[in-house]
């Protein structure tokens, strides 16, 4: 795994910086979030949440067992987020697509709350080893999936913005 992260760092020396986390410039006054941005995040989040809900209803996890459905949802979301943000940043298209797809759809698709509920249910059913395996594999799986997504998107041909 260390080799994978090293290869990614070498092939993409300048990974994208999340504009939500970038330090504000001292000379720039904070601005209100435009209603369009809120609508993009809200619509995308609704779609992602509904898709996750449908997966959980179609493939329910049995209480006291490893929550495989939510595990796969979270890891798949990490993979797509890594690839999508890398591709968008290389294409120079960050604002609206990032808000809709990454923050909205994939933010709704992945879920910390269902992850926490699955961990809590395992813990409540005295399945501590399974709970710890679930937590560790979700975090590690998400990190590896994100690295794979970044690596794959870094190898795609660069797209020029319109």
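The values are calculated or read from the model by the stated rules, or taken from the named source; none is laboratory data. In this text the structure is predicted, and so the values were computed from the model without any measurement. Cβ atoms come from the backbone with ideal geometry, glycine included; neighbour counts cover every protein chain shown.
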Worksheet, complete the sentence: Quick count over the range 86-140, residues being under 22 Å from residue 56 (Cα atoms) and assigned to a loop (DSSP other than H, G, I, E, B), is 4
Discussion item. Condition check: part of a helix (DSSP H, G or I), within 21 Å of the chain's Cα centre (by Cα) and without any contact (Cβ under 8 Å) to a residue 60 or more places away in the chain. Does residue 144 satisfy that?
Written reply: no
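A quick yes/no check of all residues on (1) part of a helix (DSSP H, G or I); (2) at pLDDT below 95; (3) more than 21 Å from the chain's Cα centre (by Cα):
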| residue | (1), (2), (3) |
| --- | --- |
| 21 | no, yes, no |
| 24 | no, yes, yes |
| 30 | no, yes, yes |
| 33 | no, yes, yes |
| 43 | yes, no, no |
| 48 | yes, no, no |
| 51 | yes, no, no |
| 56 | yes, yes, no |
Response to the item:
Residue count, the range 92-113, condition within 21 Å of residue 35 (Cβ to Cβ) and under 12 Å from the mean Cα position of the chain (by Cα), comes to 8
Fill in: Every residue from the range 92-111 that is modelled with pLDDT under 90 and closer than 18 Å to residue 70 by Cα
111
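Given the criterion surrounded by fewer than 21 Cβ atoms within 10 Å (Cβ to Cβ) and under 21 Å from residue 122 (Cβ atoms), identify the matching residue among 45, 64. Let's see the steps before the verdict.
Values: 45 fails: under 21 Å from residue 122 (Cβ atoms).
That would be 64, the only listed residue that is surrounded by fewer than 21 Cβ atoms within 10 Å (Cβ to Cβ) and under 21 Å from residue 122 (Cβ atoms).
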